[in-house]
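So the structure is just underneath, and the comments pick up after that.
The values are calculated or read from the model by the stated rules, or taken from the named source; none is laboratory data. In this text, all values refer to a predicted model and were calculated from it rather than measured experimentally. Virtual Cβ from ideal backbone geometry, glycine too; neighbours counted across all protein chains shown.
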Amino acid sequence: MKKLIVSVVVFGALLLTHAPQSQAQATKGGAVFLPATDLKWNDVPEFPGVKMAVVEGDPAKGPAHFFIRFEPGFTATRHYHNSDHHVTVVAGTVVLTTQDGERRLPPGSFFSFTGKTKHATKCEGATACVLAIDSRGKWDVIPEATGRTEPKATEPKAKEQLRP
């Protein structure tokens, strides 16, 4: 469990430190166009198969629009984000688990997490999951504190304490 929590924290930190800058350029008339073929996907170090393509803004500093891609089978343990965000599932089936239960969201689905909603994320099936994210502030990934503590190596286990 600790290893998974550490992975989520490291993922968030690496995502922020290696997030590419905005790719979108406004036209003279104020419109922005960025065809899917022009997206520049960047690997998230230490997480094979996780990629990010920033469209507008800088997720490490504030509000941004970006895509994130998870390979099939990717999971992130229960966590939350400090910023409210609104997400459209572009490809794959994303499974989100909140205090209200589990939801399977196929392509075209929408979800929104506000107020630091705790959730776990999984990319289910044989297709990579692509999410279009509208983050209203700096993007981060904060693992949920489990409240459990592991016994220290110097502490006797409960069985040993009962011996005469």
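At-a-glance table
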{"item": "Single residue of the range 40-56 satisfying the filter (β-branched (Val, Ile, Thr) and in a loop (DSSP other than H, G, I, E, B)) that is modelled with the highest pLDDT", "result": "50"}
{"item": "Number of positions in the range 110-132 that are among the polar types (S, T, N, Q), surrounded by fewer than 17 Cβ atoms within 10 Å (Cβ to Cβ) and within 20 Å of residue 51 (Cα to Cα)", "result": "1"}
{"item": "Among the residues listed as 120, 76, 53, the single one being under 14 Å from the mean Cα position of the chain (by Cα) and under 19 Å from residue 32 (Cβ atoms)", "result": "53"}
{"item": "Failed condition for residue 104, given (1) surrounded by 15 or more Cβ atoms within 10 Å (Cβ to Cβ); (2) of a type in the set (Lys, Arg); (3) not in a loop (DSSP other than H, G, I, E, B)", "result": "(1)"}
{"item": "Selected residue (criterion: modelled with the lowest pLDDT) from residues of the range 133-164 that are assigned to a strand (DSSP E or B) and buried (at least 17 other Cβ atoms within 10 Å of the Cβ)", "result": "143"}
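Residues are listed down the side, and each one gets a yes or a no for (1) over 18 Å from residue 142 (Cα atoms); (2) in contact with a Cys (Cβ under 7 Å, 6 or more places away or on another chain); (3) part of a strand (DSSP E or B); (4) touching a residue at least 24 places away in the same chain (Cβ under 8 Å):
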{"site": "62", "(1), (2), (3), (4)": "no, no, no, yes"}
{"site": "72", "(1), (2), (3), (4)": "yes, yes, no, yes"}
{"site": "78", "(1), (2), (3), (4)": "no, no, yes, yes"}
{"site": "86", "(1), (2), (3), (4)": "no, no, yes, yes"}
